[in-house]
Amino acid sequence: SRYLRDVPEGPPDPILGINESYKSCADPRKVNVCVGAYRDARGRPWVLPAVRDAERRLLDDPATNKEYAPIAGDPTFVDLALKFAYGADADVSVIAGMQALSGTGACRVGGHFLSRFVPRPAGRAKVPIYVPDPTWGNHVAIFEECGMDVRRYRYYDAGTNRLNYAGIVEDLTNAPDGSVILLHACAHNPTGCDPTFEQWDAISELIASKGHVAFFDSAYQGFASGDAEADAFALRHFVSRGHNVVLAQSFAKNFGLYGERTGTISVVCSNPEERSAVLSQLKLIARPMYSSPPVHGSNIVRTVLTDKGLTGEYYNNCREMAARIRAMRERLVDVLLEVGSSHDWSHVTEQIGMFAYTGMSSEMCDVLTSEYSIFLTRDGRISLAGLNDDNIEYVARAIHAVTD
Ligand code: PLP
């Protein structure tokens with residue numbers, strides 16, 4: 001067709017592009033610390049034993065089939081997922097929850113909903129959403145696709161390599177009343193810096209006083225501390241303070257269900273009538289987008305969370321992943337000091353979650369890739385999950401060489 005000649009070549013996705021370069025690199029020393037997926041101590045993808053066990057049960061169960069899920073997904077899964085996030089005693093009768101295509105799909109449906117129903121500030125054509133600077137790269141594109149006005153609030157202080165709490169407070173104060181504020185529920189990507197309990201409390205007060213809408217993106221519940229209950233603190237605290245939060249929940253990292261696209265989108269309402277109306281609107285967004293969600297991942301999560309034995313096994317698996325990542329974080333800094341680095345790397349051990357936000361410049365990252373075949377994003381973010389006993393010394397020496 002004639003029009004196809006005029007289709008321009010789009011840029012590759014920054015992160016997925018790096019993974020491609022890693023795959024085609026022939027250097028035997030190569031290391032991929034760009035991946036946002038857990039790797040075991042031998043560098044291999046890990047299917048959680050609890051997930052494997054659930055899959056076996058599902059396969060043996062004659063009731064398992066491949067029928068369509070309802071538009072809002074498997075209601076039992078959704079209930080269990082909401083309790084996993086909001087707490088076992090949460091009142092789910094006022095939470096409008098729908099299954100979603102992992103965290104990305106949840107952000108997309110949630111953004112669409114907010115773009116449609118949050119009142120625009122006077123004189124604005126679009127609903128403003130404030131995302132942290134920096135944030136997961138996809139947030140900006142997702143919320144733009146939702147028709148929102150994507151703005152940033154300061155989050156990280158590159159001078160101290162720590163949270164810029166004063167910047168957060170100032171920027172959320174200056175945002176127009178009634179803005180949407182995107183918050184990483186825990187283990188902020190890419191910085192690994194979360195507010196303290198006291199800071200979360202103050203942020204909650206500030207957001208309430210401004211009439212802002214808190215939109216939590218929870219992609220790492222259980223990955224920060226190893227304990228999914230502890231990692232839900234900020235979300236649960238906001239709900240306890242009366243916020244009508246929106247939550248995008250992903251089971252990609254904490255259950256290792258990356259490719260199964262398993263998650264939920266939910267909105268905490270004030271009563272069952274609101275819940276019903278909001279849920280009806282979420283379904284109206286999902287139906288013309290993908291009709292109904294995939295079922296394998298939600299079947300797995302449902303099976304795990306309805307069986308005491310599997311739930312216990314799951315919590316152990318999650319703790320094991322978080323502990324290995326934590327050990328790699330500490331080892332990386334130990335080896336950097338052992339090989340003679342005189343820099344202060346204490347921010348790396350203070351950070352939490354899957355990533356170390358090292359503070360290396362883009363130029364340093366480029367040298368790591370070109371001379372050492374270490375693949376990472378140009379913001380200096382290193383996936384600790386990509387490190388193991390076989391490569392950590394090599395990576396630490398290379399980091400020392402480029403930062404010395
Ligand atoms: N939100 C954050 C902050 C993330 O880091 C990620 C994945 O890297 C996601 C959401 C979404 O991931 P998925 O769509 O695989 O659940």
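Only the coordinates and a few stated rules stand behind these numbers; no lab work does. All values reported here derive from a predicted model rather than from experimental measurement. Glycine also receives a Cβ, built like all others from the backbone with ideal geometry; neighbour counts cover every protein chain displayed.
Tabulated data for the structure shown
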| read-out | value |
| --- | --- |
| Percent RCO, i.e. relative contact order, over the chain, from Cα pairs under 8 Å lying at least 6 residues apart | 25 |
| Selection from 247, 3, 180, by position along the positive dipole direction of the chain (Cβ) | 3 |
| Cα pair count fraction exceeding 21 Å, expressed as % - the range 207-273 | 31 |
| Charge dipole (debye, nearest 20) of the chain; +1 at Cβ of Lys and Arg, -1 at Cβ of Asp and Glu | 1040 |
| Fraction of alpha-carbon pairs over 27 Å apart in the range 270-404 - percent | 47 |
| Alpha-carbon gyration tensor eigenvalues x 5, square-rooted, for the range 89-180, Å | 24, 18, 15 |
| Solvent-free Debye scattering, log10 I(q)/I(0), computed from the Cα coordinates of the range 334-385 at q = 0.31 Å⁻¹ | -1.22 |
| Cα centroid separation, the range 310-326 to the range 72-143 (Å) | 26 |
| Evaluated at q = 0.09, 0.10 Å⁻¹: base-10 log I(q)/I(0), Debye formula over Cα of the chain | -0.56, -0.69 |
| Gaussian network model of the chain, springs between alpha carbon atoms under 10 Å - residue of 322, 88, 26 with greatest fluctuation | 26 |
| Coil-residue trypsin sites (Lys or Arg not before Pro) of the range 1-74, DSSP, other Cβ within 10 Å capped at 14 | 2, 29, 42, 66 |
| Charge-dipole axis of the range 250-404 as Lys and Arg at +1 and Asp and Glu at -1 on Cβ define it, positive-most pick from 298, 391, 280 | 280 |
| Taking 89, 61 and counting other C-beta atoms within 10 Å, the order from fewest to most | 89, 61 |
| Projected-area mean, the range 270-336, by convex hull of Cα positions, square nanometres | 8.7 |
